[in-house]
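Here the structure is laid out as structure tokens; the discussion comes afterwards.
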């Protein structure tokens, strides 16, 4: 029988910059992702799952997430809810330059559930590092989000970025599912299953 996972909900960078600032999340729309983040936090509290809230710090002079600016502040949806641990970070991964690894070990956590922003940046960095550290990972695809990019390497819409990154996550690094599916798993003490690289590829042949 599979042991019940010891989860922690990691709420990444749900800050005003993504809603009213210069880096507005586009897909899924925040009208979808933000309420689901709140639902996940409420369900975690009810189930006794520890909640870690993460805030990204940039220098005061930065055009985004400048320390002390309105964009830097945690969105009220998260700020008004209880948490068990709070982390300020300066790099993309929640592990880098923080006490997250030590806190997880001290609390016997073996699975991270990822919500927040952005799918392809801070979430991705954290998901990859967690997987490499031997932790199980879950990603709530409708409680996370992306925005579009264009640079010398190419151009991609928010939907493309979100879809492609989640497809890659689910192929190897963590189970990607809806908030509703995660809530159902939490209720029965179960876990979500990821796919694998081989089968993810073979289905396209």
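For segment 2-20, check the following and say yes or no: at least one residue is over 16 Å from residue 92 (Cβ atoms), in contact with a helix residue (DSSP H, G or I) (Cβ under 7 Å, 6 or more places away or on another chain) and assigned to a loop (DSSP other than H, G, I, E, B).
Looking only at segment 2-20, we keep the residues that are over 16 Å from residue 92 (Cβ atoms), and these are 2-9, 16, 19-20.
Remaining after also requiring in contact with a helix residue (DSSP H, G or I) (Cβ under 7 Å, 6 or more places away or on another chain): 8-9, 19.
With assigned to a loop (DSSP other than H, G, I, E, B) added as a condition, the list becomes 19.
The answer is yes; a qualifying residue exists.
Just one of (1) in contact with a helix residue (DSSP H, G or I) (Cβ under 8 Å, 6 or more places away or on another chain); (2) over 22 Å from residue 32 (Cβ atoms) trips up residue 120, so point out which.
Single failed check for residue 120: (2).
Does segment 51-71 hold any residues that are closer than 21 Å to residue 21 by Cβ, free of Cβ contacts under 8 Å to residues at least 60 places away in the same chain, buried (at least 18 other Cβ atoms within 10 Å of the Cβ) and in contact with a strand residue (DSSP E or B) (Cβ under 6 Å, 6 or more places away or on another chain), and which are they?
Step one: of segment 51-71, the residues closer than 21 Å to residue 21 by Cβ are 53-71.
Cutting the leftovers down to free of Cβ contacts under 8 Å to residues at least 60 places away in the same chain gives us 53, 55, 57-71.
Those still in the list that are buried (at least 18 other Cβ atoms within 10 Å of the Cβ) too: 53, 55, 65, 71.
Listed by number, the residues that qualify are 53, 55, 65.
Please go through (1) at negative phi; (2) in contact (Cβ under 8 Å) with a residue 12 or more places away in the chain; (3) not in a helix (DSSP H, G or I) for residue 189 and return the number of the only condition it doesn't satisfy.
Of the numbered conditions (1) at negative phi; (2) in contact (Cβ under 8 Å) with a residue 12 or more places away in the chain; (3) not in a helix (DSSP H, G or I), the odd one out for residue 189 is (1).
Just for segment 121-136: of the residues that are more than 10 Å from the chain's Cα centre (by Cα) and in contact (Cβ under 8 Å) with a residue 40 or more places away in the chain, which one is farthest from residue 96 (Cα to Cα)?
Ranking the qualifying residues of segment 121-136, first place goes to 136.
Can residue 25 be described as touching a strand residue (DSSP E or B) at 6+ places or on another chain (Cβ under 7 Å) and in a helix (DSSP H, G or I)?
Numbers: touching a strand residue (DSSP E or B) at 6+ places or on another chain (Cβ under 7 Å): yes; in a helix (DSSP H, G or I): no.
Considered against the rule, which asks whether it is touching a strand residue (DSSP E or B) at 6+ places or on another chain (Cβ under 7 Å) and in a helix (DSSP H, G or I), residue 25 comes out as no.
Return a yes/no flag: does segment 41-54 have any residue that is farther than 20 Å from residue 183 by Cβ and at pLDDT 95 or above.
yes
The values are calculated or read from the model by the stated rules, or taken from the named source; none is laboratory data. On a predicted model such as this, the values are computed, not experimentally measured, just so you know. Positions of Cβ are generated from backbone atoms using ideal geometry, with glycine treated the same way; all protein chains shown enter the neighbour counts.
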